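Since the structure comes first, as structure tokens, the remarks are kept for the end.
Where a number appears in this text, it was derived from the coordinates with a stated rule and is not lab data. As the structure is a computational prediction, the values presented were derived from the model and not from experiment. Positions of Cβ are backbone-derived with ideal geometry, glycine not excepted, and every protein chain shown enters the neighbour counts.
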Amino acid sequence: MFRKIALLSVKGVPSLFWSSHKPLNFRPRLVTMLFLVAGLTVFGLGEAVLIAAHAGVSPWTVLAQGVSNVTGWSLGQSTFWVSIAVLVLWIPLKRIPGIGTILNAVIIALILEYVLPYIPTPGHYALQVLQALAGIMITGIGGGIYLISNLGPGPRDGLMTGLQELTNLPIAWVRSGIEITVVLAGWWLGGIVGPGTLLYAFMIGPAVAISLYTLSKLFPKK
């Protein structure tokens, strides 16, 4: 019981042996870069598994769909401007971008472009939901690995860590709160919500928190 509570009460990102000493680091150690790329690759694979499940898109895609409905922009354009808006929110939260912020977009895009087509979609609806759940857990694992690298988070993860520091609430609560807010806004604007969307909204926060907690126990601190 207490262990379960500890898993979900993680506050902040731990500093482990592969962590960079600061996010804006143009000469990171090789081990830091290796863990960053590995984490982002796993993160991208999780997103690809979720998309291939066809059980519902992520909350941020729902929001982009809603913005597209209102503005007439394409989904790609809406996604871009939503990301820009999130980056603007970094300013009052004092978030610092880094190599990881750029590689986040590049590596995940490459995974979705070249790996997603080879991930099968289950024929049975229950299996699609289970695959969506697996994708969320994989995304959480990758998120933990790359966030600990401390070379700059992606736009949405930066919003999460910034709000966590501001509120001092557990990461699981903060991330779930963000995702639920985003999916409600997207749905209100006309975005399409599926079971996988709701699973993601409620479970990505705990998945990232569990990943951070487990990694902090498995590996030595910096």
So, relative contact order of the chain in percent, Cα under 8 Å, 6 or more apart, is 41
If each residue of separation counts as 0.36 nm, what is the full-extension length gain between Leu34 and Thr71 once their alpha-carbon separation is subtracted? 9.3 nm
Full-extension gain in nm, Thr167 to Phe202, via 0.36 nm per residue minus C-alpha separation: 10.7 nm
Ranked highest first by average number of other Cβ atoms within 10 Å, how do 71-78, 131-138 line up? 131-138, 71-78
I need to check one value: relative contact order of segment 101-204, counting alpha carbon pairs closer than 8 Å and at least 6 residues apart, in percent. 32
What is the local net charge at Thr79, summed over the other residues whose Cβ is closer than 15 Å to its Cβ (Lys, Arg +1; Asp, Glu -1)? -1
Can you give me the angle between helix 155-167 and the longest principal axis of the chain, using Cα atoms only, in degrees from 0 to 90, rounded to the nearest 10? 60
Once label points are set 7 Å from the Cα along Cα→Cβ at both Lys22 and Ala134, what is their separation, rounded to one decimal in nm? 4.3
When the helix-only estimate is applied to the chain (DSSP H runs of n ≥ 4, each -39,500 (n - 2.57), divided by the residue count), what is the mean residue ellipticity at 222 nm, nearest 500 deg cm²/dmol? -24000 deg cm²/dmol
Could you name the aspartates and glutamates in cross-link range of Lys11, using Cα to Cα under 20 Å and dropping any fewer than eight places away on the same chain? Asp157, Glu165, Glu179
